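A.B. asks: There's a structure below that I have some questions on.
The values are calculated or read from the model by the stated rules, or taken from the named source; none is laboratory data. Note that the coordinates shown come from a computational prediction; the quantities given were computed from them, not determined experimentally. Positions of Cβ are generated from backbone atoms using ideal geometry, with glycine treated the same way; all protein chains shown enter the neighbour counts. These accessible areas exclude ligands, DNA and RNA; they are computed on the full protein's heavy atoms, side chains included. Shrake-Rupley method; radii C 1.70, N 1.55, O 1.52, S 1.80 Å.
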Amino acid sequence: MKVFKDLYQYRELLKSNVKKEIRGKYKGSFLGVLWSFINPLLMVLVYAIVFPLILKNPEPNYVIFLIVGIIPWNFFTTVINQGTTTVVNNGNIIKKVYFPREILPISVVMSGLVNFFISCLIILIFIIFGGMSLSPVMLFLPLIAIIQFMLSLGLVFILSAIDVYVRDTEYIVNFIVMMLFYATPILYSSELFKHTTFAWIMQVNPMAHLINAYRDIFYYQVMPDMKTLGIVALVSFAIMVIGYQVFKKLERRFAEEL
């Protein structure tokens with residue numbers, strides 16, 4: 001495929017862009033990349049204090065339960081929010097220099113994946129110091145992360161291209177992502193709504209299944225549901241392919257619109 005040929009030809013640009021995304025996120029900050037660890041920890045601290053008061057029977061080891069959900073969610077929201085504006089933010093470069101435009105969204109999602117794997121160290125530290133053991137099922141982490149990568153990349157392809165034409169896209173996306181947070185079992189177990197009228201929301205939400213898969217390997221330490229994971233993988237791959245096609249179709253007028 002042409003996309004792989006282009007990415008190989010411009011691999012150095014892709015590599016430098018990924019590095020720029022990783023370093024640039026906290027450029028000028030005193031703590032720098034440490035914010036990748038501090039942000040989820042602060043979120044966990046707030047929710048760990050508030051939600052046990054709301055939920056009558058929170059999960060045991062609720063802090064670990066929370067952090068296993070929040071860190072993958074941060075990966076998702078960070079790349080979606082940054083990826084939506086990546087083409088617009090690089091408008092000056094696009095108008096001056098030719099390079100495969102898809103490098104921009106790919107760089108954002110790849111840098112997010114790297115940060116996510118680094119942040120997973122927090123999960124392991126909490127598991128160890130929380131009195132839990134490490135399990136061989138944790139080796140499924142790369143598989144689940146790659147599925148999330150495909151899902152995120154497909155969405156970023158679509159959203160970053162639309163944002164060039166409709167600048168309100170980023171604000172709409174921020175609102176939807178905020179709503180989606182409460183429709184994803186991050187603060188609570190998906191079992192809580194299993195037999196309610198809201199159960200269908202969990203079924204059609206790919207991130208709900210991915211969060212459950214992360215919880216299976218880290219928190220419950222059991223095999224993830226491979227059938228469900230397989231379906232999510234196929235859906236994520238389809239979204240990535242469709243997203244790429246949408247991006248390539250809309251990129252023809254990027255320079256004019258920017």
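A.B. asks: Looking at this structure, is residue 184 within 30 Å of residue 102 (Cα to Cα), of a type in the set (Ser, Thr, Tyr), without any contact (Cβ under 8 Å) to a residue 60 or more places away in the chain and surrounded by 14 or more Cβ atoms within 10 Å (Cβ to Cβ)?
C.D. replies: Numbers: within 30 Å of residue 102 (Cα to Cα): yes; of a type in the set (Ser, Thr, Tyr): yes; without any contact (Cβ under 8 Å) to a residue 60 or more places away in the chain: no; surrounded by 14 or more Cβ atoms within 10 Å (Cβ to Cβ): yes.
No.
A.B. asks: While we're here: Pick out the one residue from 168, 163, 225 that is charged (D, E, K, R), open to solvent by less than 10 Å² (accessible area, probe 1.4 Å) and modelled with pLDDT under 95. Give the derivation first.
C.D. replies: Details: 168 fails: open to solvent by less than 10 Å² (accessible area, probe 1.4 Å); 225 fails: open to solvent by less than 10 Å² (accessible area, probe 1.4 Å).
It is 163.
A.B. asks: Please list, ordered by first then second residue, the pairs with beta carbon atoms under 7 Å, 6 or more apart or interchain, first in the stretch 64-91 and under 20 Å from residue 46 (Cβ atoms), second charged (D, E, K, R).
C.D. replies: Going by the 7 Å Cβ cut-off, the qualifying pairs are 65/59; 68/215; 69/215.
A.B. asks: So, one more: Say whether the condition of being surrounded by 21 or more Cβ atoms within 10 Å (Cβ to Cβ), closer than 17 Å to residue 211 by Cα and not polar (S, T, N, Q) is met by at least one residue in the stretch 129-142. First the steps, then the outcome.
C.D. replies: We begin by selecting, within the stretch 129-142, every residue surrounded by 21 or more Cβ atoms within 10 Å (Cβ to Cβ); these are none.
Within the stretch 129-142, not a single residue is surrounded by 21 or more Cβ atoms within 10 Å (Cβ to Cβ), closer than 17 Å to residue 211 by Cα and not polar (S, T, N, Q).
A.B. asks: Out of 89, 81, 115, report the one residue that is within 16 Å of residue 255 (Cβ to Cβ) and not aromatic (Phe, Trp, Tyr). Walk me through how you get there before you give the answer.
C.D. replies: Values: 81 fails: within 16 Å of residue 255 (Cβ to Cβ); 115 fails: within 16 Å of residue 255 (Cβ to Cβ).
The unique qualifying residue is 89.
A.B. asks: Is it the case that some residue within the stretch 138-160 is over 20 Å from residue 206 (Cβ atoms) and of a type in the set (Val, Ile, Thr)?
C.D. replies: From the stretch 138-160, those over 20 Å from residue 206 (Cβ atoms) are 138-139; that's our starting set.
Subset that is of a type in the set (Val, Ile, Thr): none.
No, the stretch 138-160 contains no residue that is over 20 Å from residue 206 (Cβ atoms) and of a type in the set (Val, Ile, Thr).
A.B. asks: Take residue 177 and tell me if it is under 26 Å from residue 84 (Cβ atoms), of a type in the set (A, V, I, L, M) and part of a helix (DSSP H, G or I).
C.D. replies: Details: under 26 Å from residue 84 (Cβ atoms): yes; of a type in the set (A, V, I, L, M): yes; part of a helix (DSSP H, G or I): yes.
Yes: the conditions hold for residue 177.
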